[in-house]
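First the structure, in the form of structure tokens, and then the observations on it.
The values are calculated or read from the model by the stated rules, or taken from the named source; none is laboratory data. Note that the coordinates shown come from a computational prediction; the quantities given were computed from them, not determined experimentally. Don't worry about glycine lacking a Cβ; one is built from the backbone with ideal geometry, like all the others, and counts go over all protein chains shown.
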Amino acid sequence: MDNKYKILIEIHHGIGDIIQFIPIFDIIQKQNSLIQNEIHILCQDKVHMDLLLSINKNFKIKTFKRGKTTILETIDIIRFYRRMNFDLSITSPISNKLISFLLMILICPKKIFLPFYFNFKIGKYNFIKIPKRIHQINKNLFIVNSIFNHRFNLLPKFNPEFPLIENFPYPNIFINKERKPLLSIVIGTNTMIHRSFLSKHVYDLKKWPLINYHSLVQRLFNQFTIILIGGKKEFDEIKSSKLDFNGVFDLTNKLTIIESIFVIKNSNLTLGADTGLIHAADALGIPNISLYGPTNPYLVGPLSQNSIKLYPGLKCENCINLNSNSTCLHSKKTSDITINQVYNSIMGFVNEF
């Protein structure tokens, strides 16, 4: 690829998935020192759009939320993209293969690169088999390696432009008279949904219990200034639990995605379960401790040397983290990780601050 290309990227996933796509953005946006490709991105909602624009303000982004975007809105998006006359399109390896294929047929780029179950090529359609048991970042890289015929090996690096601290809505959290290191704790994570032909199963195995966070905070209070980050679900849970988080900066349900990342950027250490903001911390170069249960940290977790991953392991080869539709609940839960394990991992960082 020696000329400037107009490229469409379709990525309908969470915050962590977008962060793990950063190396691909870097590669295809600028293939050498002289040529920059024009990148258009189709993502899920405004939160993801804001995150993508913090990665690169030159991205041209539209949102398309499956199941909620109306038929007329979908037709408008397809018409708009057809007029763009894209040179090529790239689909994330964890996108819905059928829906992505239909979208690209309708948008009609000159070349289409799609993850698939086996390798083959028909005209402009390039179907790429992605190995299963490799890290998600390497799955993403597998796509661009096929496009550029070159083996890339990059980790996500994230350096967004942030407002000045005095313009942050809660600047007093950074006024640290006691000179204690700043620990940001991301207490929210998503449920796991596995669908079979006739049913849907929702698992809450990724969550570390709120009472565990509360007990941990009590033990760390004298060593750290602590900030809680989460959304409305976590805010409501804290309120209904009646647990006393006095002395902690509780910013649940108070920050935008960019403000949450700003707090992490100014932290000495970030703790959280399997959540996108842990990937943001890792890409920012902030030391982080992540808690895993049903998902395998060696396939989806942070990869930098700044990261510690706590993981209780598996009991059963048929567990849901192996991407089966099994309703088997033998899989370890994140809650199987003990408070002592997390506390000791955090204290191992203290001498570095």
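Structural remarks
- Residue in the range 74-90 that is touching a strand residue (DSSP E or B) at 6+ places or on another chain (Cβ under 8 Å) and loosely packed, with under 13 Cβ neighbours inside 10 Å present: yes
- Flag if Ile9 is in contact with a His (Cβ under 9 Å, 6 or more places away or on another chain) and outside any helix (DSSP H, G or I): yes
- Hits in the range 210-234 - residues which are of a type in the set (Phe, Trp, Tyr) and within 16 Å of Gly272 (Cβ to Cβ): Tyr213, Phe224
- Those residues of the range 292-308 which are farther than 15 Å from Gly272 by Cα, touching a helix residue (DSSP H, G or I) at 6+ places or on another chain (Cβ under 8 Å) and in a helix (DSSP H, G or I), in sequence order: Leu299
- Considering the range 234-271, and only residues there that are more than 19 Å from the chain's Cα centre (by Cα) and of a type in the set (A, V, I, L, M, F, W, C), the residue that is farthest from Ile19 (Cα to Cα) turns out to be Leu243.
- Any chance Asn268 is under 25 Å from Gly348 (Cα atoms) and either out of contact with any helix residue (DSSP H, G or I) (no Cβ under 7 Å at 6 or more places or on another chain) or among the acidic types (Asp, Glu) (or both): yes
- Among the candidates Ile227, Ile238, residue that is modelled with pLDDT of 95 or more and not small (Gly, Ala, Ser): Ile227
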